[in-house]
Amino acid sequence: MKAAVITGYGSPDRLEVRDVPRPQPAKNEVRVQIHTSTVNRTDTATLRAHPFFMRAITGLFRPKMQSLGMDFAGVIDALGADVSSFQVGDRVFGMSSERFGAHAEFLCIPADEAIVHIPKGIPFEQAVAGEGAWYAHGTTKLLAEGQRCLIYGASGAIGTAAVQLAKANGAYVVAVVGTRHTSLAKALGADRVVNYEREDFTAIGETFDLVFDAVGKTSRGACRPLMKTDAIYCATDMGPYWSNMLLGIWFGLTGSKRVRIPFPEDAPEFIQYLADLMAHGKYRGVFDRTYPLEEITSAFQYVETEQKTGIVSVEILGQQGQTDSPHP
């Protein structure tokens, strides 16, 4: 099979599309013939080993995994001997959050991990919406119905997911985006859209229970005018001089937990929750560009520009086999 193999840490030039052996499922695994995957911030950060301490998990001198890629959508083509929850031919999507490997034509994953049937009527290329939503859910799950949140950077994969997930929780949502994304934020359900290119988003005259920086471009200090006394500030990056991490540790030690870098949890439960939202029309992925597997280096380079809108997908098998599975 063909796979985008990482030859070491560094730039996207460390990726090579090669022929590698097709994996065989263990007793508790299914094998998915992948139609579509994505390239996201997790992939680019892992390739760059950023921040450096992540090497303790991914490999000190070179990556442990052969291929990157967390999101996948495709068709099950083989079952392990102990698997009864899926059938060959099922259309599925999910996340290989532990081993990656979705930048390839085939992927093996345990049947009890983050893999579910694709809801009826959703094509493969629209089902690969898990990674950004998973990270967004780490924050939006903190919101109760009727609470107020502001999402800064509501146009990326995490931000577009956060708007929809917060609305699904019944929250009031203000989305902060640039000029070209205002219509998108409104279409996703934001109650108010603030164009940061035309006004100071910290001086809009509202306060919030939760402020979420979905792109890692601001700070708790800058957002203080927006925050209620007991508000939570969440960010997807370390912040200037690692301030978000240091504040998160401090507030954690004091017991208040009012500054957080949200770490996603329980991928299997989340991916089922996401599938349910998609099935009921309450969630949709927002997609920017699609690259063929052979051009995956260009996909990584584009993601690293930080100019993408929503998700960048990778077409691996193409548009064959788009008919619905008997298991919606």
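Here is how the numbers come out for the structure above:
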read-out	value
Filtered residue count, region 280-313, keeping only those that are without any contact (Cβ under 8 Å) to a residue 12 or more places away in the chain and either in contact with a Pro (Cβ under 6 Å, 6 or more places away or on another chain) or not polar (S, T, N, Q) (or both)	3
Every residue from region 257-304 that is under 17 Å from Ala157 (Cα atoms) and out of contact with any strand residue (DSSP E or B) (no Cβ under 7 Å at 6 or more places or on another chain)	Phe263, Pro264, Phe270, Leu274, Leu277, Met278, Lys282, Tyr283, Arg284, Gln301, Glu304
Matching option when the condition is within 23 Å of Thr236 (Cβ to Cβ), in contact with a Cys (Cβ under 7 Å, 6 or more places away or on another chain) and modelled with pLDDT of 95 or more, among Ala161, Ala166	Ala166
Test: residue in region 39-58 that is more than 21 Å from Asp237 (Cα to Cα) and surrounded by fewer than 17 Cβ atoms within 10 Å (Cβ to Cβ)	no
Test for His117: is it buried (at least 24 other Cβ atoms within 10 Å of the Cβ) and outside the structural domain of Glu199 (by TED's automatic domain parsing)	no
Flag for Leu68 being of a type outside the set (D, E, K, R), surrounded by 15 or more Cβ atoms within 10 Å (Cβ to Cβ) and not in a strand (DSSP E or B)	yes
Qualifying residues in region 181-232 (those that are within 23 Å of Tyr283 (Cβ to Cβ) and among the basic types (Lys, Arg)) - the one farthest from the chain's Cα centre (by Cα)	Arg192
Of the criteria (1) closer than 26 Å to Lys64 by Cα; (2) crowded, with 24+ Cβ neighbours inside 10 Å, which one Thr139 fails	(1)
Enumerated helices (runs of 4 or more DSSP H) restricted to region 81-192, each holding at least 2 residues that are touching a Phe, Trp or Tyr at 6+ places or on another chain (Cβ under 8 Å)	124-127, 130-140, 157-168
Selection from region 276-310 of residues that are touching a Gly at 6+ places or on another chain (Cβ under 7 Å) and of a type in the set (Val, Ile, Thr)	Val286
Test: residue in region 73-95 that is in the same structural domain as Val17 (by TED's automatic domain parsing), at pLDDT below 95 and surrounded by fewer than 24 Cβ atoms within 10 Å (Cβ to Cβ)	no
Selection from region 11-60 of residues that are among the small types (Gly, Ala, Ser) and at pLDDT below 95	Ala45, Ala49, Ala56, Gly59
Answer from Val30, Val116, Val17, Val92 - the residue that is over 23 Å from Trp134 (Cα atoms) and among the β-branched types (Val, Ile, Thr)	Val17
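Each row is one residue, and each column tells you yes or no for (1) within 25 Å of the chain's Cα centre (by Cα); (2) on the phi > 0 side of the Ramachandran plot.
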site	(1), (2)
Asp77	no, no
Gly89	no, yes
Ser96	yes, no
Phe100	yes, yes
Leu107	yes, no
Pro110	yes, no
Ile115	yes, no
Ile118	yes, no
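The values are calculated or read from the model by the stated rules, or taken from the named source; none is laboratory data. Just so it is clear, the model here is predicted, and its values are computed rather than measured. In this analysis, Cβ positions are derived from the backbone assuming ideal geometry, glycine residues included, and neighbour counts consider all displayed protein chains.
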